[in-house]
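**Q** Before anything else, here's the structure in question.
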């Protein structure tokens with residue numbers, strides 16, 4: 001489901017947020033679906049429940065999750081649009097980085113090598 005890299009400089013709560021958004025982008029979670037409970041996700045990921053709770057609080061603040069008292073957290077109707085907007089932001093940043101590399105005179109094969117190595121470093 002969600003993968004966490006304990007050695008990453010990215011805070012675990014941010015990795016959890018990105019993981020949930022990725023599940024929506026992939027269609028594995030849809031608006032209206034119940035999100036995993038804080039406790040069950042903490043157990044699955046082997047992290048402190050407070051870390052998961054922080055991720056959920058931030059996602060609620062962003063309008064990605066809706067908290068229903070006594071019933072858990074649900075993926076909001078706005079979540080799909082937010083996840084797609086995030087993907088568009090990543091594409092734009094990648095285009096910008098590739099353009100910068102090309103303008104710096106790097107050949108495509110060097111750029112592809114850097115991208116490949118960077119991909120291998122990811123969980």
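**Q** Which residues, taken from the range 86-123, are assigned to a helix (DSSP H, G or I) and surrounded by 12 or more Cβ atoms within 10 Å (Cβ to Cβ)?
**A** Keep residues of the range 86-123 that are assigned to a helix (DSSP H, G or I), which gives 86-103, 108-121.
Result: 86, 87, 97, 98, 101, 102, 111, 113, 114, 115.
**Q** A follow-up question, please. Return the pairs, sorted by first residue and then second, in which the second residue is part of a helix (DSSP H, G or I), the first residue lies in the range 78-104 and is without any contact (Cβ under 8 Å) to a residue 24 or more places away in the chain, the beta carbons are less than 7 Å apart, and the residues are 6+ apart or on different chains.
**A** Going by the 7 Å Cβ cut-off, the qualifying pairs are 98/111; 101/111.
**Q** Which condition number does residue 61 fail, the rest of (1) surrounded by fewer than 14 Cβ atoms within 10 Å (Cβ to Cβ); (2) without any contact (Cβ under 8 Å) to a residue 24 or more places away in the chain; (3) over 17 Å from the mean Cα position of the chain (by Cα) being met?
**A** That leaves (3) as the condition not met.
**Q** Moving on to the next point. So in the range 67-82, with the set limited to residues that are outside any loop (DSSP other than H, G, I, E, B) and at pLDDT 90 or above, which one is surrounded by the fewest Cβ atoms within 10 Å (Cβ to Cβ)?
**A** First pass over the range 67-82, keeping only residues outside any loop (DSSP other than H, G, I, E, B): 67-68, 72-75, 79-82.
From what's left, at pLDDT 90 or above: 67-68, 72-75.
Details: 67: 14, 68: 10, 72: 15, 73: 19, 74: 17, 75: 23.
My answer is 68.
**Q** Taking the condition of being part of a loop (DSSP other than H, G, I, E, B), farther than 20 Å from residue 68 by Cα and under 17 Å from the mean Cα position of the chain (by Cα), how many residues in the range 22-53 meet it? Steps first, please.
**A** Initially, the range 22-53 is screened for residues part of a loop (DSSP other than H, G, I, E, B), giving 26-33, 35-37, 46-48.
Filter once more, keeping what is farther than 20 Å from residue 68 by Cα: 26-28, 46-48.
Subset that is under 17 Å from the mean Cα position of the chain (by Cα): 26-28, 47.
Summing the residues that are part of a loop (DSSP other than H, G, I, E, B), farther than 20 Å from residue 68 by Cα and under 17 Å from the mean Cα position of the chain (by Cα) in the range 22-53 gives 4.
**Q** Follow-up question, since we're still on this one. So, in the range 1-21, exactly how many residues are assigned to a helix (DSSP H, G or I) and either in contact with a helix residue (DSSP H, G or I) (Cβ under 7 Å, 6 or more places away or on another chain) or touching a residue at least 24 places away in the same chain (Cβ under 8 Å) (or both)?
**A** Residues of the range 1-21 assigned to a helix (DSSP H, G or I): 12-21.
Narrowing the set further to residues that are either in contact with a helix residue (DSSP H, G or I) (Cβ under 7 Å, 6 or more places away or on another chain) or touching a residue at least 24 places away in the same chain (Cβ under 8 Å) (or both) leaves 12-14, 16-17, 20-21.
Residues that pass the stated criteria total 7.
**Q** If you don't mind, there's one more thing I want to ask. Looking at residue 73 and the list (1) more than 21 Å from residue 27 (Cα to Cα); (2) touching a residue at least 12 places away in the same chain (Cβ under 8 Å), which single condition is not satisfied?
**A** Among (1) more than 21 Å from residue 27 (Cα to Cα); (2) touching a residue at least 12 places away in the same chain (Cβ under 8 Å), residue 73 violates only (1).
The values are calculated or read from the model by the stated rules, or taken from the named source; none is laboratory data. Just so it is clear, the structure is predicted and the values come from calculations on it, not from any experiment. Neighbour counts run over all protein chains shown; Cβ positions are idealised from the backbone, glycine included.
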